[in-house]
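Below: the structure, in structure tokens.
A short reminder: the numbers here are calculations on the coordinates, not readings from a lab. Keep in mind that what you see is a predicted model, and the values were worked out from it rather than measured. Virtual Cβ from ideal backbone geometry, glycine too; neighbours counted across all protein chains shown.
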Amino acid sequence: MASSFRAAERLGRINPSPSTAAAARVRELKSAGRRILDLTVGEPDFDTPDHVKQAAIAAIQAGETKYTPVNGTPRLREAIRGSLRRTHGIEYSDAELTVGGGGKQVIFLALMATIDAGDEVLIPAPYWVSYPDMVRANEGTPVIVETREAAGYKVTAGELDASITDRTTWLILNSPGNPSGAIYTEAELASLADVLRRHPRVSVLSDEIYSEISFTGAPAPSLAAVAPDLRHRVLVVSGVSKSYAMTGWRLGYAAGDPALIGAINTLQSQTSSCPSSISQAAAAAALEGPQDFIAETVPVYRERRDAAVAGLSRIEGLTPLAPDGAFYLYVDCAGMIGRTTPDGRVLQGDQDVTLYLLDSVGVAVIQGSAYGQSPFFRISFATDLDTITSAVSAIGDAVAALR
Ligand code: PMP
């Protein structure tokens, strides 16, 4: 029977996430028997720490299996408060905190709560794939602000100033950034704060989901801490997915202006009511328990990063920039464009590069265009060192085979 499905206009404005699409393609090839070195994944390869799992089991057994308050259990909010105090030295009250089914959901609800048709959201490129689509889904206009490699892929005060209009509602800052791994220094945040003080209508969505996966020796600084006078204009978004290898638990949180938090809570009360009570118990244990997991995994990520950067730097035509945080490498592949593959195809853009790497040497990466800049590709090093070194050497073979 023919489907009578008719999509809302809203749906026509957005695309499925390209990283999810890449994951599906890798699964397809693997099930067809191909050996694929998968560098697309945006989640830690580590297992969730055991004390976190035990806390979830204990919660189930204690009957913590019912709806919780919309803004999370008091225990989880206390744990979030402690975590933000530890990482940023900021004290948040209860009314300034909320939780949701992942940082992703919290960001979506924050945009839904604040954007009217035509409102502009500044998104420095390269950006996490979901921001523009989330803005469009909520009838806003994403305004992409190009950053430069020379500035470490970070938006400068001048670029920010030049991009603000009467319609600008938000600036999205993501530090450490996906896909660049760039971390804004306190001085860089302070100069952005100077611009923001002159534009009181603009709020900042500070996506700090990778804040503790930092190779600088300290968590990435937050604008909310650097510019305390702007604190109510900064919505800090974070979660347990990345730092504690808890992507499947779906638990994120936000801290900011109580009026905005209240609006997010209203939307949440009409959508999911609250995130899973069991995940909340697990997240509380992650945030308030021993922090050894982060201390142990960050050096492992750093070792992988160093191996990948060293290997890729030796390949002619590729320019990797060593990231300060997160677990991605954004590789400039301009040197591959215009060259010809052994079967006679000319590589026109990073989509071609990605397909060539997959077909010729079985290495899966994501094309830079998905993140708003070309020609690049993104490598995730949230996978074991063997896979990374084999993949880097296979990429070297693929590049060497070009004419
Ligand atoms: N922000 C960024 C930059 C991300 O890369 C991700 C995950 N890919 C998220 C937010 C969302 O993470 P989660 O919903 O699992 O908390």
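For the reader, a short list of remarks on this structure follows.
- Ranked for footprinting exposure by Cβ neighbours inside 10 Å, fewest first, Ser360, Ser241 give Ser360, Ser241.
- Computed over the stretch 340-395, the Cα gyration tensor eigenvalues convert (square root of 5λ each) into semi-axes of 20, 16, 7 Å, ordered from largest to smallest.
- FRET efficiency, His51 to Glu303 (Cβ-Cβ, R0 22 Å, nearest 0.05): 0.35
- Treating each Cα of the chain as one equal point scatterer and applying the Debye formula with no solvent, the log10 of I(q)/I(0) at q = 0.08, 0.09, 0.10, 0.11 Å⁻¹ comes out as -0.43, -0.55, -0.68, -0.83.
- Full-stretch length increase - Leu355, Ala24 - with 0.36 nm per residue and alpha-carbon distance subtracted: 117.7 nm
- For Leu205, the amide hydrogen comes within under 5 Å of the amide hydrogens of Leu171, Ile172, Leu173, Leu235, counting only partners 5 or more places away or on other chains and with H modelled in the peptide plane.
- With the simple model of a label 7 Å out from the Cα in the direction of the Cβ, Arg198 to Ser4 spans 5.8 nm.
- Divide the volume of the convex hull around the Cα atoms of the stretch 274-403 by the residue count and you get 132 Å³ per residue.
- q = 0.09, 0.17 Å⁻¹, the stretch 44-184: log10 I(q)/I(0) [Debye, one scatterer per Cα]: -0.40, -1.13
- Neighbour-limited loop hits for trypsin sites (Lys or Arg not before Pro), the stretch 68-163 (at most 13 other Cβ within 10 Å; DSSP other than H, G, I, E, B): Arg148
- Applying 1/(1 + (r/R0)^6) with R0 = 60 Å to the Cβ-Cβ distance of Ala117 and Ile60 gives a FRET efficiency near 0.85.
- Segment Ser17-Ala322, length gained on full extension (0.36 nm per residue, minus Cα span): 107.3 nm
- Exposure proxy order (Cβ contacts within 10 Å, fewest to most) of Thr169, Thr354: Thr169, Thr354
- Stretched out straight at 0.36 nm per residue, the stretch from Asp229 to Leu385 would grow longer than its current Cα-Cα span by 51.8 nm.
- Label zone at Thr266, where the point sits 7 Å out along the Cα-to-Cβ direction: the stretch 101-117 residues whose backbone N lies under 15 Å: 109-116
- Share of Cα-Cα pairs in the stretch 81-137 lying beyond 15 Å, as whole percent: 61 percent
- Where labels lie 7 Å past Cα in the beta-carbon direction, separation of Asp161 and Glu149 in nm: 2.8 nm
- Filtered GluC sites (Glu not before Pro), the stretch 180-283: DSSP coil and at most 15 other beta carbons within 10 Å: none
- Expressed as a fraction of 2.2 N^0.38 Å, the value expected for a compact globular protein of N residues, the C-alpha radius of gyration of the stretch 56-289 is 0.97.
- FRET efficiency, Ala95 to Ala190 (Cβ-Cβ, R0 25 Å, nearest 0.05): 0.35
- The calculated pair-distance distribution of the stretch 141-229 uses every alpha carbon pair, bins of 10 angstrom beginning at 0, and gives 16, 53, 28, 3 percent.
- Note on Ala32 and Arg403: their simple-model spin labels are 2.6 nm apart, each label 7 Å out from Cα toward Cβ.
- Rh (Kirkwood; distinct C-alpha pairs) - the stretch 254-348, Å: 18.3 Å
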